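Only one structure is covered here, and it is reproduced in the block below.
The values are calculated or read from the model by the stated rules, or taken from the named source; none is laboratory data. None of these values were measured; they are calculated from a predicted model. We place every Cβ from the backbone using ideal geometry, glycine too, and count neighbours over all the protein chains shown. With ligands, DNA and RNA removed, areas are computed over all heavy atoms of the protein, side chains included. Shrake-Rupley method; radii C 1.70, N 1.55, O 1.52, S 1.80 Å.
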Amino acid sequence: MRILITGGAGFIGSHLYEKLKVDHEVICVDNFFHSCDSPARKVSKYADVRYYNDIEPYVKWCDVVCHLAAQIHVDRSITNPQETVDINITGTLNVLEAVRKYDKMMVFASSSEVYGTAQEESIKETHPLDSQSPYAASKAGADRLCKSYYETYGTKVAILRNFNTFGPYQADDSYGGVIAIFTRKALSGQPIRVFGSGLQERDYIYVDDAVRGYELCLSKGLWGKPVNIGLGETIAIGRLAVMIKQLVGSQSEIVNVEGRAGEVMRLCANIDVAKGYGFIPQTNFIRDLEKYIRWYQTNISL
């Protein structure tokens, strides 16, 4: 099968490329704004989903698109909402139009952020979409745009709502994931900044489980259906900072700073739907956190 990955030089896209290239012909495209230093970056081609003509030839070539290209940073979406809408909504529209034109298949990388703070103990796919930031709203808009293409045109598009993901190659700068950022701070002895109370709860999966979510959508043809991929367990951000500090034996000070606008307080996945299709998460949070820290110590220069 021929597979196109948009955002293929990004964190999850890079891991997806490594897994899919074993059995398929895969092309990655990216605009390299915030790509990671992975093997996939070296083979990725330039394309920007904001421009239909950039993406159309690649969609025409492939059998299925894994659409991961996005502006994913909440704070950046607050300072530049237009850019976020252009990439996340207009970019998704461009991909959908090409997919519809050439009768291809698509898996869309939605986000748990579309739900906002959990209104239930765990979040089912039927939970209200109560987005709390421009980023989350843009992903919710693109998510529902995909659903509308399935309902209106019969476009074969699956909607994957991954919860928080961590693993090798995740950015550790201001646009990176909190586990990567905390690890860098702890290893370098810098203060670990925790926004707000630190009581915010997140459901973390190791990146291998995130990739399994894409494989599930492709193998089962879950067209028109949103699917949560998570662990179903949470950890508070403040507790996470303490754990990482202890695991690396750091002397870093943990400092609470002013909370961020648009921050969600709790995300916890209900994965009954995914389990019904055979998905069983393999993440063991402590084991995989230790594994990630060892990878970081070995591969990243501070």
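DSSP beta bridges confined to the chain are antiparallel in about 5 percent of cases.
Any idea of the accessible area per residue across the chain, 1.4 Å probe, to the nearest Å²? Provide the component values of the computation, followed by the final result.
Numbers: 12910 Å² over 302 residues.
About 43 Å² of surface per residue is accessible.
Summing -39500 (n - 2.57) over the DSSP H runs of n ≥ 4 in the chain and dividing by its residue number, what mean residue ellipticity at 222 nm do you reach, to the nearest 500 deg cm²/dmol? Present the calculation step by step, with values, prior to reporting the outcome.
On the way: 12 runs with 124 residues, N = 302.
Helix contribution divided over all residues of the chain: -12000 deg cm²/dmol.
Only lysine pairs 8 or more places apart, or on different chains, with alpha-carbon atoms under 15 angstrom apart are counted in the stretch 63-161, and they number 4.
For Lys185, the accessible surface of its heavy atoms amounts to roughly 50 Å² (probe 1.4 Å, protein chains only, rounded to the nearest 10). Figure note: Arg76, Arg239 ranked by solvent-accessible area, largest first, 1.4 Å probe, ligands and nucleic acids not counted: Arg239, Arg76.
Over the residues of the stretch 20-155, compute the C-alpha Rg and express it relative to 2.2 N^0.38 Å.
Numbers: Rg = 15.5 Å, N = 136, 2.2 N^0.38 = 14.2 Å.
The reported ratio for this selection is 1.09.
For Ile78 and Asn53, what is the calculated FRET efficiency with R₀ set at 30 Å and r taken between the beta-carbons, to the nearest 0.05?
Values: r = 30 Å, r/R0 = 1.00.
Calculated transfer efficiency: 0.50.
Close amide H partners of Asn256, meaning residues 5 or more places away or on another chain with modelled amide H under 5 Å apart, are Val194.
Taking R0 as 30 Å, what FRET efficiency do you get between Thr117 and Val255 from their Cβ-Cβ distance, rounded to the nearest 0.05? My answer for the efficiency is 0.80.
Using only the Cα atoms of the stretch 151-302, build the gyration tensor, take square roots of its eigenvalues as a ≥ b ≥ c, and label the shape rounded, prolate or oblate: rounded if a/c is under 1.5, else prolate if a/b is larger than b/c, else oblate. Since a/c reaches 1.5 and a/b is larger than b/c, the shape of the stretch 151-302 is classed as prolate.
Charges were assigned to the Cβ only: +1 to each Lys and Arg, -1 to each Asp and Glu. The resulting dipole of the chain about its Cα centre is roughly 380 debye. The lysines within cross-link reach of Lys45, meaning a Cα-to-Cα straight distance under 19 Å and a gap of 8 or more places when in the same chain, are Lys19, Lys21, Lys60.
Give me the compactness ratio for the stretch 216-302, meaning the Cα radius of gyration over 2.2 N^0.38 Å.
Details: Rg = 17.3 Å, N = 87, 2.2 N^0.38 = 12.0 Å.
So the stretch 216-302 has a normalised radius of gyration of 1.44.
As a fraction of the 1.4 Å probe accessible area of the chain, surface on carbon and sulfur atoms comes out at 48 percent.
From the C-alpha coordinates alone, can you work out the Kirkwood hydrodynamic radius of the stretch 88-180, in Å? Each step should come with its number before you reach the end.
Values: mean 1/r = 0.0690 Å⁻¹.
Averaging 1/r across every pair of different Cα atoms and inverting gives 14.5 Å.
Taking every alpha-carbon pair in the stretch 219-270 and binning the separations at 5 Å intervals from zero gives 4, 13, 15, 16, 15, 14, 8, 6, 5, 2 percent. The residue among Gly91, Val64, Ser35 whose Cα reaches farthest toward the positive pole of the charge dipole of the stretch 21-93, with charges on the beta-carbon of Lys, Arg, Asp and Glu, is Ser35.
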